[in-house]
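Presented below is the structure to which this report refers.
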Amino acid sequence: MNTSLIENTLGFIYNVCFISCYWPQIIKSLKTKSVQDVSIALFIISIIGYMSATAYAVMKFGLDFWLLANYVLSGFSSAFMVYVYYKYK
C-alpha cells in the first residue's frame, strides 16, 4: 500500500479528532448559555500549547499541512470556547 496514502489518511483522522474534540463543549455551552462547570484553564493552556506547537512545527518541520491544520484549527476552537466562556460567565 502507498505510504503517502496511509500518512494522509492518518493525518486526516487525527486532525478530525483533535479539531473536533472541543466542539461538544462549545455546542453545549451555546445551547444552554451556561459555562458553570467549564474549566477555562484547560482552554487557555490549550491555546498556549497550540501556539507553541505551531511555532515548533514550522521551525522543526517547515510547512507541514497536517500539523499546521491541527494546531491552528484546534487553537481557534480553544479560543472560540474562551470567547463563549466569557460571554456567558
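Computed quantities for the displayed model
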quantity	calculated
Residue check, TYR83 without any contact (Cβ under 8 Å) to a residue 40 or more places away in the chain and not basic (Lys, Arg)	yes
Which numbered condition THR3 misses (of (1) touching a residue at least 24 places away in the same chain (Cβ under 8 Å); (2) more than 19 Å from LYS87 (Cα to Cα); (3) polar (S, T, N, Q))	(1)
Complete set of residues in the range 62-82 that are under 19 Å from ILE19 (Cβ atoms) and surrounded by fewer than 12 Cβ atoms within 10 Å (Cβ to Cβ)	LEU63, PHE65
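All of the numbers you see were taken from the coordinates with simple rules; none came from a lab. Only a predicted model underlies this, so the values are computations on that prediction, with no experimental measurement involved. FYI the Cβ positions are ideal-geometry reconstructions off the backbone, even for glycines, and counts take in every protein chain you see.
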